[in-house]
1. Those residues that are under 20 Å from M69 (Cα atoms) and surrounded by fewer than 22 Cβ atoms within 10 Å (Cβ to Cβ), I need them from segment 107-127; list them, please.
2. Under the condition of being in contact with a Gly (Cβ under 6 Å, 6 or more places away or on another chain) and within 19 Å of A301 (Cβ to Cβ), which residue from segment 106-141 is farthest from ligand 1 (Cβ to nearest atom)?
3. Quick one: would you say L184 is more than 16 Å from ligand 1 (Cβ to nearest atom) and surrounded by 24 or more Cβ atoms within 10 Å (Cβ to Cβ)?
4. Filter segment 87-110 down to the residues that are among the hydrophobic types (A, V, I, L, M, F, W, C) and either more than 16 Å from ligand 2 (Cβ to nearest atom) or over 22 Å from L129 (Cβ atoms) (or both) and list them by number.
5. Tell me whether segment 53-66 contains one or more residues that are surrounded by 24 or more Cβ atoms within 10 Å (Cβ to Cβ), of a type in the set (S, T, N, Q), within 30 Å of R340 (Cβ to Cβ) and within 16 Å of ligand 1 (Cβ to nearest atom).
6. So in segment 316-345, with the set limited to residues that are modelled with pLDDT of 95 or more and of a type in the set (D, E, K, R), which one is surrounded by the fewest Cβ atoms within 10 Å (Cβ to Cβ)?
7. Only one of these conditions is not met by A301: (1) surrounded by fewer than 16 Cβ atoms within 10 Å (Cβ to Cβ); (2) of a type outside the set (S, T, N, Q); (3) part of a helix (DSSP H, G or I). Which number is it?
8. Residues that are over 30 Å from P312 (Cα atoms) and not charged (D, E, K, R): which helices (runs of 4 or more DSSP H) entirely in segment 186-295 hold 1 or more of them?
Amino acid sequence: MVNADNLRGEAALAVPDRMRRAVLVRPGEIRIEETPTPKPGPSEVLVRVVAATTCGSDLKAYLRGHPKMPMPGPFGHEYSGIVAASGVGASFEPGQAVMGVHTAPCRACLWCERGQENLCESIMDTMVLGAYAEYLLIPHRIASANLFAKPDDLPFEVACLLEPLSCVAQALELAPPRVGDRCLVIGPGAIGLMFVAGLRRLGVQEIVLAGRNPERLAVGERLGARTASLREADLPNSFDLVIECTGQVEIWERSVSFARRGGTVILFGGCPPGTQARFDTARLHYDQIRLVSPFHFGTAAVRQAREWLLEPGFDLRPLLSGDRPLDELEAAFNDLQAGRGLKFVIRP
Ligand SMILES: [Zn+2]
Ligand SMILES: [Zn+2]
């Protein structure tokens, strides 16, 4: 059967020859520069970025560098927008609103074949960066696996959250909660809050969100969590599922103490390279605590996350801290570092 979509030639809306984009020059320095607008090759899609959201990993890169984000280099990976041009054979048309993530598995390596697409050997080497820009070129591999039409009733800025929510969906797929579970989420950043939303969506009634930042804890309450400080006195060792979202090794180590016998701990927040953690082996063994530390996401998690985002009752808008123009990107990261805001929406 011939699919007319696959026979379409190159097509484009009016696209300027040059565009503005943010470049992460070195830790602490972002430059806004003008550069030629990329042209889509076969099966590639050029997206005019309507919204791009700031992310904890971008903040890490801005503060101390990131092994997977070369510097100087294009910056930003959470995006949504409108197709500006598409190459021969692409399955999206100019003018179409789209949402997507910045990686896709190869579907041919050992890990892809064993159902561990998130560990695909080339998933990180083929990621696309540069969402803090007027245009973003999506290569064929990602355009064919992890780029989707965006429904009109899903705001662009919420559609950007597909990527971090996919990480959350991947983790909850690896350690699925049961409806009656008591769950503890440590760290009320954007990811911790998305875990609250994901747990709620999966029917979990008892969710405690632990942390310090009152503004962020208040968002957690709106999403359905009870909030607490991280003192052991307030948090007994009775949680079925503990989810660490701070990326601090002391919290990784303490997380185990909150799990019940036979419970599970998701160690989610990545620590700096070389970090070593210590655990009470008696607790792990005799209490049979399961530790999992999920990384990134495969295509199934992206689809799960997209389904959640499209549900009217699944509302992540409380996570968004307002719009910033591209020129204020550095200021937005400085605010985040100071604990102000959760996720800023960059409007290039
Ligand atoms: Zn992200
Ligand atoms: Zn692979």
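The values are calculated or read from the model by the stated rules, or taken from the named source; none is laboratory data. Here the structure is a predicted model, which is why all the values come from computation and not from measurement. Here the Cβ positions follow ideal geometry from the backbone for every residue, glycine too, while neighbour counts run over all protein chains shown.
1. Just the residues of segment 107-127 that are under 20 Å from M69 (Cα atoms), to begin with: 118-127.
If the condition is that a residue be under 20 Å from M69 (Cα atoms) and surrounded by fewer than 22 Cβ atoms within 10 Å (Cβ to Cβ), then L119, E121, S122, M124, D125, T126, M127 are the ones that fit.
2. Taking segment 106-141 and keeping what is in contact with a Gly (Cβ under 6 Å, 6 or more places away or on another chain), we get 117-118, 131-132, 136.
This time we only want the ones that are within 19 Å of A301 (Cβ to Cβ), so: 117-118.
Values: E117: 17, N118: 14 Å.
This residue is E117.
3. Working: more than 16 Å from ligand 1 (Cβ to nearest atom): yes; surrounded by 24 or more Cβ atoms within 10 Å (Cβ to Cβ): yes.
Yes; evaluated as a whole, the condition is true for this residue.
4. Of segment 87-110, the ones among the hydrophobic types (A, V, I, L, M, F, W, C) are 88, 90, 92, 97-99, 101, 104, 106, 108-110.
Hits for segment 87-110 are V88, A90, F92, A97, V98, M99, A108, L110.
5. Within segment 53-66, one or more residues are surrounded by 24 or more Cβ atoms within 10 Å (Cβ to Cβ), of a type in the set (S, T, N, Q), within 30 Å of R340 (Cβ to Cβ) and within 16 Å of ligand 1 (Cβ to nearest atom).
6. So, considering only residues that are modelled with pLDDT of 95 or more and of a type in the set (D, E, K, R), the one surrounded by the fewest Cβ atoms within 10 Å (Cβ to Cβ) is R317.
7. Condition (1) is where A301 drops out.
8. On the way: elements: 190-201, 214-222, 249-255, 281-286.
The helices (runs of 4 or more DSSP H) meeting that bar are 249-255, 281-286.
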